[in-house]
Amino acid sequence: MRILLLLFSFASIHFYSFAQGCSDAGFCTMGAMKPDQPFNKKIAVKLRSMEVSFYRGTTTLTPIIYVATVDMNFSLNRKTTFQIKIPFQHVEGRLAKTSSLSDLSLCFTRNIYASDKFDLNWSVGGKIPSNRSDFFTADGNKLPMYYQTSLGTWDIISGISLINRRWLIATGIQIPLNQNNNQFDWHRWDANNPNPDPDELAYVQKYPNSTYLRRGTDVMLRVERNFRLSRFNFSLGLLSIYRITADRVTNFKGERTSFDLKGHEAIGLAMSWITTAGYSFNVRSGIKLLVGHKIMQREYSPDGLTRELVTSFTYIYRF
């Protein structure tokens, strides 16, 4: 009980003192790119594991995002594992409430080198959209990406990591294969209402247009320092995600563009620092907290992945 109270106290302190968290499109928690990966040559690795996590994130506007995720890992042989992540997402904001299954993640990870000093792991996988990213309000207005429970795209993901007792260094790439079916453009909001609410229109204009969004390609680099005791473990690291090709949307004139009205391009670097704290009850089970702080954010993000505050709590069971 004292251990649990200590961990929840840690969470409470960080929950109110940290800002932006990991706002990527999914690959920073897949396979070889996951944070806080174990490295222990003395304990036999369990062949299967299941993680149940609960996430809460506040955005740069009013939407609050809640996600419950089941993350299952299966060993196919001594060197290869298969991961599947099944998230359910709920969003509450000034414009609407939305809920549904979110995008599924599938990933194969292969250990390509192992020694007493370090491991090299390589992952390949993808994300499967759960819907077309086209939710709308009860009166027919199209909702921004902030309120969508899916990114609406099929993505290919690959990455590699080096892990030892103290350090984790990982890099990866995520490539969307299609544009989604989102149709939000604040120019068309409440177009059929002869007397629109000016305060609501002013608020809606704060959301970036995302009509038929095609996200650009992301590359990531994670550098993490781990501190491991017999039962406790902590980590602190930097996560950089660079959108190397710009997002493209269709503006109200019907033109494809990568720029907002202020001239900001949907490309560039987002950087966070991430911290975790975990406790192992035994070889089979444990708990983990993860919180992050955004150091740098892109000026224009039509995908709606920006966050003000992020925290997650995870229960891990190995069998």
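The values are calculated or read from the model by the stated rules, or taken from the named source; none is laboratory data. Everything numeric in this text was worked out from a predicted model, so none of it was measured. FYI the Cβ positions are ideal-geometry reconstructions off the backbone, even for glycines, and counts take in every protein chain you see. With ligands, DNA and RNA removed, areas are computed over all heavy atoms of the protein, side chains included. Shrake-Rupley method; radii C 1.70, N 1.55, O 1.52, S 1.80 Å.
Taking each DSSP H run with n ≥ 4 as -39500 (n - 2.57) and averaging over every residue of the chain yields -2000 deg cm²/dmol at 222 nm. If the Kirkwood radius is taken over C-alpha pairs of the stretch 111-238, then at 37 °C and 0.692 mPa s the Stokes-Einstein diffusion coefficient equals 181 µm²/s. Backbone phi angles across the stretch 81-94, fed through the Karplus curve with coefficients 6.51, -1.76 and 1.60 (θ = phi - 60°), yield HN-Hα couplings of 10, 10, 10, 10, 10, 10, x, 10, 10, 10, 10, 10, x, 5 Hz in residue order; Gly and Pro are listed as x.
Solvent-accessible surface of the chain, taken per residue with a 1.4 Å probe and all protein chains present: 49 Å². Once you divide the Cα radius of gyration of the stretch 243-306 by 2.2 N^0.38 Å, the number left is 1.75.
In this simple spin-label model, placing a label point 7 Å from the Cα along the Cα-to-Cβ direction at both Y242 and L261 gives a separation of 3.2 nm. Relative contact order for the stretch 133-228: 34 percent, from Cα pairs under 8 Å spaced at least 6 residues apart, divided by residue count.
Take every Cα pair under 8 Å whose residues are at least 6 apart in sequence, average their separation, divide by the length of the stretch 180-233, and the relative contact order is 44 percent. Over the C-alpha trace of the stretch 50-182, radius of gyration and Dmax come out as 17.8, 61 angstrom. Bridgeable aspartates and glutamates around K288 (alpha carbons under 18 Å apart, same-chain partners fewer than 8 residues away excluded): D36, E51, D71, E224.
Taking a Cβ cut-off of under 10 Å around G278, the surrounding Lys, Arg, Asp and Glu residues balance to a net charge of +2, with basic ones at +1 and acidic ones at -1. For the chain, the fraction of 1.4 Å probe accessible surface lying on carbon and sulfur atoms is 60 percent. Across the chain, the mean sequence separation of Cα contacts (distance under 8 Å, 6 or more residues apart), normalised by length, yields a relative contact order of 20 percent. For the stretch 146-156, putting each phi into the Karplus relation 6.51 cos²θ - 1.76 cosθ + 1.60 with θ = phi - 60° gives couplings of 3, 9, 7, 8, 9, 6, x, 10, 8, 10, 9 Hz, in residue order, rounded to whole numbers and with x for Gly and Pro.
Along the Cα-to-Cβ line of F54, 7 Å from the Cα, sits a label point; which residues in the stretch 286-319 have backbone N less than 15 Å from it? Residues 287-290, 311-316 qualify, since their backbone N sits under 15 Å from the label point.
Between 0 and 90 degrees, the angle of helix 2-17 with respect to the longest Cα principal axis of the chain falls at about 30 degrees.
Seen from all directions on average, the chain presents a Cα convex hull projection of 16.4 nm².
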